[in-house]
Amino acid sequence: MQARFSELLAEAHGRREAVGAFTCYNLETAAGVLRAAEERGRGVILLVSEKSFSAATGRVLLPALVAAARASSAPACVELDHVRSLELIRAAFELGADAALADGSSLGIEENVELVRAAASGGEVEAELDGIAGDEDVATAVAAGALTDPDEAAVFVQRSGAACLAVSIGNVHGVYRRPPALDWPRLDAIARRVDVPLALHGASGLADADIRRTIGLGIAKVNFNTELRQRYLDVTEARLGAARDGANVLALNLAQTEAIAEVVAAKLDVLTAG
């Protein structure tokens with residue numbers, strides 16, 4: 001069933017849980033995410049990256065994911081992830097997206113506020129303050145960049161009207177160059193000052209105990225991507241030879257979906273405050 005972005009986050013936060021947000025590059029990935037969500041009785045967010053939405057098939061993929069969310073027995077919504085272009089955000093909302101991450105983290109705070117306000121005219125908007133290092137589509141090794149200032153975050157959310165704020169506390173997209181060291185006092189201070197749900201990006205490389213601890217300190221949305229892509233490619237490589245015997249594409253697709261469901265189920269089991 002299609003769920004409202006802000007309500008999904010608020011309900012999870014009230015249970016001291018977080019909503020898992022999983023990047024979906026095709027329907028096999030989305031089917032695996034939704035299967036795990038149904039089995040675990042948890043709400044999920046299907047993420048569409050900017051590169052996917054900008055690709056030739058992007059305007060087909062996003063509404064297909066919306067249809068999949070509506071058909072699921074689990075609460076689910078679709079979010080366009082990390083986009084700075086208002087044109088793309090508005091197009092996504094027109095195609096049925098429930099939310100968009102208007103990523104003005106590389107802009108000055110005034111421009112970032114203006115971007116979020118403009119994007120929110122079409123739907124619910126997640127914002128990001130201070131860039132989270134790395135590329136959500138390419139799993140390269142990176143180190144953490146600038147960290148979110150708690151006082152600046154409070155003012156920014158109040159002025160922008162963002163429905164959710166992605167924080168930078170030592171987390172990165174992709175593969176960590178060195179063992180991650182999250183800034184726990186900073187996260188606690190942000191949560192005390194900001195009155196909207198907080199999102200943690202780049203969680204694929206974090207220890208389960210750390211993810212649980214972030215939820216206890218106020219994180220209500222956790223993004224996963226790298227581990228899903230790695231598992232998808234691993235199972236594709238392992239099953240491709242057998243699929244070629246008889247050109248059995250369906251068997252390969254089913255194996256891909258099952259593999260993603262296994263990864264997502266394990267992640268959903270972690271998304272409770274520790």
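The values are calculated or read from the model by the stated rules, or taken from the named source; none is laboratory data. Remember, predicted model here, so these are calculated numbers, not experimental data. Virtual Cβ from ideal backbone geometry, glycine too; neighbours counted across all protein chains shown.
Tabulated data
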| item | result |
| --- | --- |
| Unmet requirement for GLY14, which otherwise passes all of (1) under 20 Å from ASP103 (Cα atoms); (2) modelled with pLDDT under 95 | (1) |
| Filter result (more than 16 Å from LEU9 (Cβ to Cβ) and out of contact with any Asp or Glu (no Cβ under 9 Å at 6 or more places or on another chain)) within the stretch 191-210 | ARG192, LEU206, ALA207, ALA209, ASP210 |
| Evaluation of SER168 against (1) modelled with pLDDT under 90; (2) surrounded by fewer than 18 Cβ atoms within 10 Å (Cβ to Cβ) (one fails), failing number | (2) |
| Residue check for ALA203: crowded, with 24+ Cβ neighbours inside 10 Å, at pLDDT below 95 and within 20 Å of the chain's Cα centre (by Cα) | yes |
| Residue match in the stretch 88-99 (condition: touching a Leu at 6+ places or on another chain (Cβ under 8 Å) and assigned to a strand (DSSP E or B)) | yes |
| Cβ-Cβ under 7 Å pairs, at least 6 apart or on other chains, the stretch 224-249 side under 30 Å from ASP81 (Cβ atoms) and of a type in the set (Ser, Thr, Tyr), far side modelled with pLDDT under 95 and part of a loop (DSSP other than H, G, I, E, B) | THR226/ALA139; THR226/GLY174 |
| Complete set of residues in the stretch 70-104 that are among the acidic types (Asp, Glu) and under 13 Å from VAL44 (Cβ atoms) | GLU79, ASP98 |
| Candidate set: the stretch 13-31, residues that are buried (at least 24 other Cβ atoms within 10 Å of the Cβ) and among the small types (Gly, Ala, Ser); chosen: the one farthest from ASN225 (Cα to Cα) | ALA18 |
| Some residue of the stretch 48-69 being closer than 20 Å to SER204 by Cα and buried (at least 24 other Cβ atoms within 10 Å of the Cβ) | yes |
| Close pairs from the stretch 71-90: first on the phi < 0 side of the Ramachandran plot, partner among the acidic types (Asp, Glu) and modelled with pLDDT under 95, Cβ under 8 Å, at least 6 apart | ASP81/GLU136; VAL83/ASP103; ARG84/ASP103 |
